[in-house]
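*Asks:* A single structure is presented below for examination.
The values are calculated or read from the model by the stated rules, or taken from the named source; none is laboratory data. Given the structure is predicted, the values throughout are model-derived calculations rather than measurements. In this analysis, Cβ positions are derived from the backbone assuming ideal geometry, glycine residues included, and neighbour counts consider all displayed protein chains. What goes into the accessible areas is simple: the full protein's heavy atoms, side chains included, and nothing from ligands, DNA or RNA. Shrake-Rupley method; radii C 1.70, N 1.55, O 1.52, S 1.80 Å.
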Amino acid sequence: MFGFLKKNRKPTPFSSGAVKTVLHKDLDFTSTEQYKVLRTNLRFTLPEGVKCPIIGVTSSMRGEGKSTTAVNLSYVLAASGKKVLLIDGDMRIPSIAKKMDINGDYGLTNYLMKTELRPLDTLKTDVLDNWYIMPAGELPPNPSELIGSRRMGALLESMTEEFDYIIVDLPPVNIVSDAMAISGHITGLVVVVREGYTEKSEVERCFRQLKLSNVKVLGCVLNGAKNDGGAYGKYKKYKYYKYYRYYTSEDEDKKETEAK
Ligand SMILES: Nc1ncnc2c1ncn2[C@@H]1O[C@H](COP(=O)(O)OP(=O)(O)OP(=O)(O)O)[C@@H](O)[C@H]1O
Ligand SMILES: [Mg+2]
């Protein structure tokens, strides 16, 4: 699995400033297209008949592009006319409010603790009328317990009445248990893997963990993929997909079977 990820490869930081990483701020054409591919592919991997899928976005380590993927995925879904809620479920190091230039002091923890409840319309973005964002809010002392709580389940359940899709940005699997804790309340997870950064052993550990916890993995996003050969050379046939690739878990199972 993930043979294209090199062992103990030194992390390469994303170049700062020059690269735009959020769609509504004019992401480049190739990457934009890849998020649309992700949107389409998700429709095939989601179970049929779910009125409002709840999709968690996670990865094995910090800094792989989970929050960027969560923002862009929720945006492309909203841009296709769906009513979408993006929740910052990383109640340890939240980043969605910052990425979106909105105030992050009020959000998920307020809805969970039912403090100062505000109408959902206050979560509407300035970007699209059907795109809503719930920041993490005040950071709680017990994020794993809170995200796996019945309260969280009930909140998500009530939100499914209002929305067509709910995307939840989560912390990394190999560091904290939040992504596993929420699994009973969501339809499935999208796992982000960053090329040239994530060590193969970390990705394997992440998938082992998810398998042990019986979490449904809807697919993987390969973030930061180059089209110049290199670590990605094995997958040259996908050269047109510059920054983002989407793999379903079935793809990976097939590759494993073929490799045997
Ligand atoms: N494909 C990309 N190209 C360039 N920069 C990227 C790309 N994806 C993410 N980044 C940048 O990398 C940094 C980390 O991304 P992001 O916050 O999405 O990661 P994360 O996995 O959510 O991190 P954390 O684990 O800390 O929550 C951000 O500055 C983001 O803008
Ligand atoms: Mg993040």
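*Asks:* Which members of the stretch 93-115 meet the condition of being crowded, with 16+ Cβ neighbours inside 10 Å and within 13 Å of ligand 1 (Cβ to nearest atom)?
*Replies:* P94, S95, I96, A97, K99, M100
*Asks:* Tell me, please, whether a residue that is over 14 Å from the mean Cα position of the chain (by Cα) and within 16 Å of ligand 2 (Cβ to nearest atom) can be found in the stretch 155-162.
*Replies:* No: the stretch 155-162 contains no residue that is over 14 Å from the mean Cα position of the chain (by Cα) and within 16 Å of ligand 2 (Cβ to nearest atom).
*Asks:* Output the helices (runs of 4 or more DSSP H) that fall wholly within the stretch 45-124 and possess 3 or more residues being more than 16 Å from ligand 2 (Cβ to nearest atom), touching a residue at least 12 places away in the same chain (Cβ under 8 Å) and not hydrophobic (A, V, I, L, M, F, W, C), or say none.
*Replies:* 108-113
*Asks:* Still on this structure, please answer the following. Has the stretch 30-39 got any residue that is in contact with a Cys (Cβ under 7 Å, 6 or more places away or on another chain), farther than 18 Å from P135 by Cβ and open to solvent by less than 40 Å² (accessible area, probe 1.4 Å)?
*Replies:* no
*Asks:* Does the stretch 27-40 contain any residue that is over 26 Å from L155 (Cβ atoms), away from ligand 2 (no atom under 16 Å from the Cβ) and in a loop (DSSP other than H, G, I, E, B)?
*Replies:* Yes, that holds for at least one residue.
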